[in-house]
Amino acid sequence: MADRVTVIGWDGSPLTAAARSALSAATLVAGAAHHLALPEVPRAAERIRLGSVDLAARRIAGHRGTAVVLADGDPGFFGVVRTLRAPEHGLEVEVVPAVSSVAAAFARAGMPWDDARVVVAHQRTLRRAVNVCRAHPKVAVLTSPGAGPAELALLLEGVHRTFVICEELGTDREQVTVLTSDKAADHVWRDPNVVIVIGGTAGAPPGGWLMGQETPAVRGWALPPEDPAHGGSGEDRTLRAAQLARLGPRVGDLVWDIGCGGGALSVEAARFGAAVIAVDADPEACARTEAAARRHGVQLQAVRGRAPHVLERLPEPDVVRIGGGGVPVVTACTDRRPERIVAHASTRDEAEAVGAALAEGGYDVECALLQSVGLDPDDWSERDRTVVFLLSGRRIDRAP
């Protein structure tokens, strides 16, 4: 095992005395091509081109001598330190930090970033990163080849955002470009780059105490409907609470709320940090949903159209709530293979049909009969009563 392993962050600035000292004693140096070209790298040191950090860690673990790993930005922030310290490698490291590429990008843009979400976009995580950009007004995306500004823009189709694209920060080729998301796919961008994605209707707080997201202004969930005139079984608080509990919307998810009505469930899902597409054939329902989102300071996209046809052009969902449309809509949703689907029915016959459609689509089905009775605490008289069948499906992932 290497006698000493030092990880040095590099942000384009001159190396610190500690970094120069570590490099001068190194017998093995790992880094990208531009790191290995630095004049401070000893000529006699073994050099490893840093592609796979796991492979480099195994080489370092078997090296007898002093090793240095060079990495862009702060190596402890979504960087190589986590991999090097993994139990399978057994490496203890010293870290010489630098300004992270995210901090540098926001500095170039002249913006605060304590209220920003930070995500990493690889090809396997790109869709979830895009969902965070849909759901939050300020997101920094650490990109990678095949999951860069153009790919982000293509998956954000229909959602207007401003991109601040920072290419090759800290080098002579550094460039910062500001443009709308619909234009980003028209360009070829240099790696590495950081994309700051800004936009939407949710206002940023004047000053916070929690990085990345303020706690909701209104405590709790399954909130009372703001406009009882547009209520109904789909807006019932008890049903909504049960639907949300079974859906489990979370950051990185995309929720479809089909038949959004007044937008109560759409807003609640967005308050959990998920991206939401609210669908309704009624333009007034879409307008009410957008207004509710503005009142609660959350982001969502309202799409007017009749399911199941309108669903064909929507991006892939993680979880789906079906507020109406019956078996044809259920079948269209199971074809898209979301992780979870919830629906409700007013009669047993309707519930059996929906349950059968979920099962035939490859879902494990649960059904419950919910009865909610609102009481007046003054005299304990009954205010209202709701009886509804709740159906939920969990996707069955069969081994190939």
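Quick check on my filter: what residues within region 1-19 are of a type in the set (A, V, I, L, M) and either open to solvent by less than 30 Å² (accessible area, probe 1.4 Å) or out of contact with any helix residue (DSSP H, G or I) (no Cβ under 9 Å at 6 or more places or on another chain) (or both)?
Here is the first cut: in region 1-19, the residues of a type in the set (A, V, I, L, M) are 1-2, 5, 7-8, 15, 17-19.
Those that are of a type in the set (A, V, I, L, M) and either open to solvent by less than 30 Å² (accessible area, probe 1.4 Å) or out of contact with any helix residue (DSSP H, G or I) (no Cβ under 9 Å at 6 or more places or on another chain) (or both): Ala2, Val5, Val7, Ile8, Leu15, Ala17, Ala18, Ala19.
Restricting the search to region 166-191, which residues are assigned to a loop (DSSP other than H, G, I, E, B) and within 18 Å of Ala105 (Cβ to Cβ)? Lay out the reasoning, then the answer.
Within region 166-191, the first condition is being assigned to a loop (DSSP other than H, G, I, E, B), and the residues that meet it are 168-174, 185-191.
Once the filter is applied, which keeps residues that are assigned to a loop (DSSP other than H, G, I, E, B) and within 18 Å of Ala105 (Cβ to Cβ), region 166-191 yields Glu168, Leu169, Gly170, Thr171, Asp172, Arg173, Glu174, His187, Trp189, Arg190, Asp191.
Would you mind telling me which numbered condition in (1) within 28 Å of Val197 (Cα to Cα); (2) without any contact (Cβ under 8 Å) to a residue 40 or more places away in the chain Arg383 fails?
So Arg383 meets the others, but not (1).
How many residues does region 161-172 hold that are surrounded by fewer than 21 Cβ atoms within 10 Å (Cβ to Cβ), within 24 Å of Pro112 (Cα to Cα) and modelled with pLDDT under 95?
3
Is it fair to say Arg294 is without any contact (Cβ under 8 Å) to a residue 12 or more places away in the chain and either under 29 Å from Val139 (Cα atoms) or aliphatic (A, V, I, L, M) (or both)? Reasoning before the result, please.
Working: without any contact (Cβ under 8 Å) to a residue 12 or more places away in the chain: no; either under 29 Å from Val139 (Cα atoms) or aliphatic (A, V, I, L, M) (or both): yes.
No, not satisfied.
Yes or no, residue by residue, for (1) over 22 Å from Glu167 (Cβ atoms); (2) open to solvent by 20 Å² or more (accessible area, probe 1.4 Å):
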position: Ser21; (1), (2): yes, yes
position: Ala30; (1), (2): yes, no
position: His34; (1), (2): no, yes
position: Ala37; (1), (2): no, yes
position: Gly51; (1), (2): no, yes
position: Arg59; (1), (2): yes, yes
position: Val68; (1), (2): yes, no
position: Asp74; (1), (2): no, yes
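If you check Arg47 against the conditions, is it over 30 Å from His136 (Cα atoms), touching a helix residue (DSSP H, G or I) at 6+ places or on another chain (Cβ under 9 Å) and either touching a residue at least 60 places away in the same chain (Cβ under 8 Å) or crowded, with 20+ Cβ neighbours inside 10 Å (or both)?
Values: over 30 Å from His136 (Cα atoms): yes; touching a helix residue (DSSP H, G or I) at 6+ places or on another chain (Cβ under 9 Å): yes; either touching a residue at least 60 places away in the same chain (Cβ under 8 Å) or crowded, with 20+ Cβ neighbours inside 10 Å (or both): no.
Answer is no for this residue.
Specify which of the listed residues (Ala275, Ala293, Ala307, Ala285) is surrounded by 21 or more Cβ atoms within 10 Å (Cβ to Cβ) and touching a Ser or Thr at 6+ places or on another chain (Cβ under 9 Å).
Ala293
Looking at region 354-368, which of the residues that are farther than 15 Å from His344 by Cβ and either at pLDDT below 95 or among the charged types (D, E, K, R) (or both) is least open to solvent (accessible area, probe 1.4 Å)?
Our first condition is that a residue be farther than 15 Å from His344 by Cβ; within region 354-368, this holds for 356, 359-364.
Among the residues that remain, those that are also either at pLDDT below 95 or among the charged types (D, E, K, R) (or both) are: 360, 364.
Numbers: Glu360: 158, Asp364: 97 Å².
That would be Asp364.
Please count how many residues of region 126-156 are out of contact with any Asp or Glu (no Cβ under 8 Å at 6 or more places or on another chain), free of Cβ contacts under 8 Å to residues at least 60 places away in the same chain and open to solvent by 40 Å² or more (accessible area, probe 1.4 Å).
So the answer is 2.
Quick check on region 206-248: of everything there that is among the hydrophobic types (A, V, I, L, M, F, W, C), open to solvent by 50 Å² or more (accessible area, probe 1.4 Å) and in a loop (DSSP other than H, G, I, E, B), which residue is modelled with the lowest pLDDT? Show your work before the answer.
Step one: list which residues in region 206-248 are among the hydrophobic types (A, V, I, L, M, F, W, C), which gives 209-211, 217-218, 221-223, 229, 239, 241-242, 244-245, 247.
From the residues that got through so far, the ones that are open to solvent by 50 Å² or more (accessible area, probe 1.4 Å) too are 209-211, 217-218, 221, 229, 245.
The next check asks that each one be in a loop (DSSP other than H, G, I, E, B); those that pass are 209-211, 217-218, 221.
Numbers: Trp209: 79, Leu210: 83, Met211: 86, Ala217: 74, Val218: 81, Trp221: 87.
It comes out as Ala217.
Over 20 Å from Asp280 (Cα atoms), over 26 Å from the mean Cα position of the chain (by Cα) and among the β-branched types (Val, Ile, Thr) - does that describe any residue in region 365-384? Talk me through it step by step, then tell me what you get.
Within region 365-384, the subset over 20 Å from Asp280 (Cα atoms) is 365-384.
Then drop every residue that is not over 26 Å from the mean Cα position of the chain (by Cα), which leaves 365-384.
Applying the additional criterion that residues be among the β-branched types (Val, Ile, Thr) yields 365, 373.
There is at least one residue in region 365-384 that is over 20 Å from Asp280 (Cα atoms), over 26 Å from the mean Cα position of the chain (by Cα) and among the β-branched types (Val, Ile, Thr).
So which pairs qualify, if the first residue must be in region 89-114 and open to solvent by less than 20 Å² (accessible area, probe 1.4 Å), the second must be among the β-branched types (Val, Ile, Thr), the Cβ gap must be under 6 Å, and the two must be at least 6 apart or on different chains?
Leu91/Val5; Val102/Val118; Ala105/Val194; Ala105/Ile196
Does Thr334 satisfy being touching a residue at least 24 places away in the same chain (Cβ under 8 Å), assigned to a helix (DSSP H, G or I) and closer than 21 Å to Ser266 by Cα?
Numbers: touching a residue at least 24 places away in the same chain (Cβ under 8 Å): yes; assigned to a helix (DSSP H, G or I): yes; closer than 21 Å to Ser266 by Cα: yes.
Against the criterion (touching a residue at least 24 places away in the same chain (Cβ under 8 Å), assigned to a helix (DSSP H, G or I) and closer than 21 Å to Ser266 by Cα), Thr334 qualifies.
The values are calculated or read from the model by the stated rules, or taken from the named source; none is laboratory data. Small disclaimer: the values here were computed from a predicted structure and weren't measured. Here the Cβ is made from the backbone with ideal geometry for all residues, glycine too, and neighbour counts use every protein chain on show. The area values use the complete protein model at the heavy-atom level, side chains included, leaving out ligands, DNA and RNA. Shrake-Rupley method; radii C 1.70, N 1.55, O 1.52, S 1.80 Å.
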